[in-house]
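Presented below is the structure to which this report refers.
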Amino acid sequence: MTTLHIGIAGAGLAGRTLAWRLLRAGCRVSLFDSRQRDALDTASMTAAAMLSPLAELAVSDDAVFALGQRSMVLWPRWIAELAEGGSEPVYFRQKGTLVVAHAPDQSSLEHFTRLLQHKLPESCRTQVHTLDAAALAAQEPALAGRFGGGLFLDGEGQLANDQWMAALALEIDRLGVQWHEGQAVEKVEEGRMVCADASYAVDVAVDARGVGSKAQWPSANPLRGVRGEVLRVECPGVTLQRPVRLMHPRYALYVAPRPDHQFVVGATELESEDNGPVTLRSTLELGSALYSLHPAFGEARVLRLSAALRPALDDHRPAVVLRGGVWHINGLYRHGYLCAPAVVDELAHKLLGTQSMEET
Ligand SMILES: Cc1cc2nc3c(=O)[nH]c(=O)nc-3n(C[C@H](O)[C@H](O)[C@H](O)COP(=O)(O)OP(=O)(O)OC[C@H]3O[C@@H](n4cnc5c(N)ncnc54)[C@H](O)[C@@H]3O)c2cc1C
């Protein structure tokens with residue numbers, strides 16, 4: 001039997017994770033990316049990587065919720081499988097999310113709670129707990145005395161996206177990927193990757209270039225970039241167990257803890273395809289949200305300010321479609337990490353012509 005040769009354009013979260021699943025299944029994989037593997041200016045490397053099916057339901061729909069719930073089962077399994085290859089374990093936590101608001105912004109929290117209760121399937125409502133000040137302090141001692149209460153969303157999680165992307169890179173190298181680093185794909189065609197100076201034949205072509213494949217999406221279902229900015233700090237004076245979302249009438253922001261007392265604060269959401277550096281205005285908004293969560297963050301050291309474009313379709317759902325003989329995986333928008341395992345698994349089993357590779 002000949003080995004199926006799959007060409008993937010784009011080594012972001014979607015393309016890199018798909019490459020790994022296909023290599024594990026015995027395929028030959030050629031992976032192309034215009035950037036180097038550790039470039040920081042992509043959505044995949046910029047994300048906070050919170051895995052929040054419930055909190056995201058307030059701004060998404062039941063399709064994203066279902067993909068998120070399925071992915072929450074797959075993430076720990078896939079992280080364990082990745083570590084079997086010998087890579088460093090990827091930081092993953094599933095300790096829920098806290099949602100809080102300062103006293104003047106309580107109506108934002110009340111609206112969020114009502115929206116969630118309205119959209120959440122009956123069977124999942126037990127995952128939402130209203131906390132008074134004492135219960136909030138017990139859950140997150142660093143926030144004791146700072147808020148009159150909040151919401152606890154049970155079962156939500158987070159991972160370190162930079163660790164996931166780095167561990168995948170090592171593992172797909174080990175499994176023999178043909179990685180064309182720094183090689184832009186100009187066009188993905190049926191059975192062919194077209195680059196500036198050469199064209200590569202493959203059995204099956206996959207386009208996973210995020211916003212880079214904008215021109216390949218029809219005007220009836222356009223792909224756009226949605227700018228997002230995050231701030232990463234280090235602050236030994238504060239310990240958080242889980243991501244905290246801060247409701248605000250103008251901008252809802254979050255603080256996601258990472259190993260070594262680092263925190264990712266995000267994210268702005270701007271209808272713009274400007275991929276330039278973070279603006280002063282956004283820096284002030286992100287910094288003030290962080291400082292208002294806990295004054296000890298005033299001494300935090302700024303490690304990085306980054307901006308990237310989230311690839312979004314108008315319905316804000318991820319898409320796996322076959323068009324003109326090319327498979328497209330795109331539209332991961334602001335839920336890419338939340339939905340990636342379910343979406344990648346769907347495409348992997350379509351490419352392999354098998355039933356779902358992962359029973360949940
Ligand atoms: C600020 C911010 C915060 C976020 N927070 C979260 C979160 O908390 N939870 C969550 O679930 N999601 C989050 N996301 C969303 C998530 O990061 C994205 O949905 C996901 O990373 C998209 O992955 P992708 O592989 O489709 O696209 P990308 O990451 O954009 O990757 C596309 C790849 O294609 C390559 N490429 C582009 N053009 C070409 C070309 N012509 N030839 C070859 N290669 C090309 C690029 O170099 C890149 O490596 C966040 C995103 C941002 C920006």
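The values are calculated or read from the model by the stated rules, or taken from the named source; none is laboratory data. Owing to the predicted nature of the structure, the values given are computational and were not obtained by experimental measurement. For neighbour counting, all protein chains shown are included, and Cβ atoms are generated from backbone atoms with ideal geometry for every residue, glycine included.
This table checks each residue for (1) more than 19 Å from GLY15 (Cβ to Cβ); (2) outside any loop (DSSP other than H, G, I, E, B); (3) among the charged types (D, E, K, R).
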residue: ALA142; (1), (2), (3): yes, yes, no
residue: PHE147; (1), (2), (3): yes, no, no
residue: ALA205; (1), (2), (3): no, yes, no
residue: VAL226; (1), (2), (3): yes, yes, no
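Scan region 183-202 and tell me whether some residue there is in contact with a Leu (Cβ under 7 Å, 6 or more places away or on another chain) and at pLDDT below 95.
no
When you look at SER44, is it hydroxyl-bearing (Ser, Thr, Tyr), within 11 Å of the ligand (Cβ to nearest atom), more than 15 Å from GLY155 (Cα to Cα) and at pLDDT below 95, yes or no?
In short, no.
Could you list, in sequence order, all residues of region 81-115 that are in a helix (DSSP H, G or I) and in contact with a helix residue (DSSP H, G or I) (Cβ under 7 Å, 6 or more places away or on another chain)?
Listed by number, the list holds a single entry, LEU82.
If I filter region 175-185 for residues that are under 27 Å from PHE65 (Cβ atoms), more than 10 Å from the ligand (Cβ to nearest atom), buried (at least 21 other Cβ atoms within 10 Å of the Cβ) and in contact (Cβ under 8 Å) with a residue 12 or more places away in the chain, do I get at least one hit?
No, that holds for no residue.
Are there any pairs, at least 6 apart or on different chains, whose C-beta atoms fall under 7 Å, with the first in region 253-272 and within 11 Å of PRO243 (Cβ to Cβ) and not assigned by TED's automatic domain parsing to the domain that holds ALA300 and the second within 12 Å of the ligand (Cβ to nearest atom) and aromatic (Phe, Trp, Tyr), and if so, which?
As it stands, the answer is none, since no pair meets every condition given.
Restricting attention to region 217-235, report how many residues are at pLDDT below 95 and either of a type in the set (Val, Ile, Thr) or in contact with a His (Cβ under 8 Å, 6 or more places away or on another chain) (or both).
Going through region 217-235 one residue at a time, the tally reaches 0.
When region 144-163 is examined, which residues are found to be more than 16 Å from the ligand (Cβ to nearest atom) and touching a strand residue (DSSP E or B) at 6+ places or on another chain (Cβ under 7 Å)?
Within region 144-163, PHE147, GLY149, GLY150, LEU151, PHE152, ASP154 meet the criteria.
Yes or no: region 279-294 includes at least one residue that is within 16 Å of the ligand (Cβ to nearest atom), of a type in the set (Ser, Thr, Tyr), in contact (Cβ under 8 Å) with a residue 24 or more places away in the chain and part of a strand (DSSP E or B).
The answer is no, given that none of the residues of region 279-294 is within 16 Å of the ligand (Cβ to nearest atom), of a type in the set (Ser, Thr, Tyr), in contact (Cβ under 8 Å) with a residue 24 or more places away in the chain and part of a strand (DSSP E or B).
Evaluate region 84-102: report whether one residue or more is free of Cβ contacts under 8 Å to residues at least 40 places away in the same chain, more than 15 Å from the ligand (Cβ to nearest atom), acidic (Asp, Glu) and over 26 Å from SER199 (Cα atoms).
yes
Among the residues of region 310-319, is any surrounded by fewer than 21 Cβ atoms within 10 Å (Cβ to Cβ), among the acidic types (Asp, Glu) and within 15 Å of the ligand (Cβ to nearest atom)?
Scanning region 310-319, I find at least one residue that is surrounded by fewer than 21 Cβ atoms within 10 Å (Cβ to Cβ), among the acidic types (Asp, Glu) and within 15 Å of the ligand (Cβ to nearest atom), so the answer is yes.
May I ask you to list the residues in region 235-276 that are loosely packed, with under 13 Cβ neighbours inside 10 Å and either more than 15 Å from the ligand (Cβ to nearest atom) or more than 19 Å from the chain's Cα centre (by Cα) (or both)?
PRO236, THR239, PRO249, ARG250, PRO259, ASP260, ASP274, GLY276 - these are the residues of region 235-276 that are loosely packed, with under 13 Cβ neighbours inside 10 Å and either more than 15 Å from the ligand (Cβ to nearest atom) or more than 19 Å from the chain's Cα centre (by Cα) (or both).
Hey, among ARG192, ARG232, ARG224, which residue is within 12 Å of the ligand (Cβ to nearest atom) and in contact with a strand residue (DSSP E or B) (Cβ under 6 Å, 6 or more places away or on another chain)?
ARG232
So which residues in region 32-55 are under 29 Å from ALA256 (Cβ atoms) and over 20 Å from the mean Cα position of the chain (by Cα)?
SER34
Taking the residues in region 57-78 that are over 22 Å from ALA167 (Cα atoms) and out of contact with any helix residue (DSSP H, G or I) (no Cβ under 6 Å at 6 or more places or on another chain) as candidates, determine which candidate is surrounded by the most Cβ atoms within 10 Å (Cβ to Cβ).
Selected residue: SER60.
Which condition breaks for ASP197 when tested against (1) assigned to a strand (DSSP E or B); (2) out of contact with any helix residue (DSSP H, G or I) (no Cβ under 8 Å at 6 or more places or on another chain); (3) of a type in the set (D, E, K, R); (4) over 18 Å from THR42 (Cβ atoms)?
All conditions pass for ASP197, except number (1).
Going by what's in this entry, would THR130 be described as surrounded by fewer than 16 Cβ atoms within 10 Å (Cβ to Cβ), away from the ligand (no atom under 16 Å from the Cβ) and at pLDDT below 95?
no
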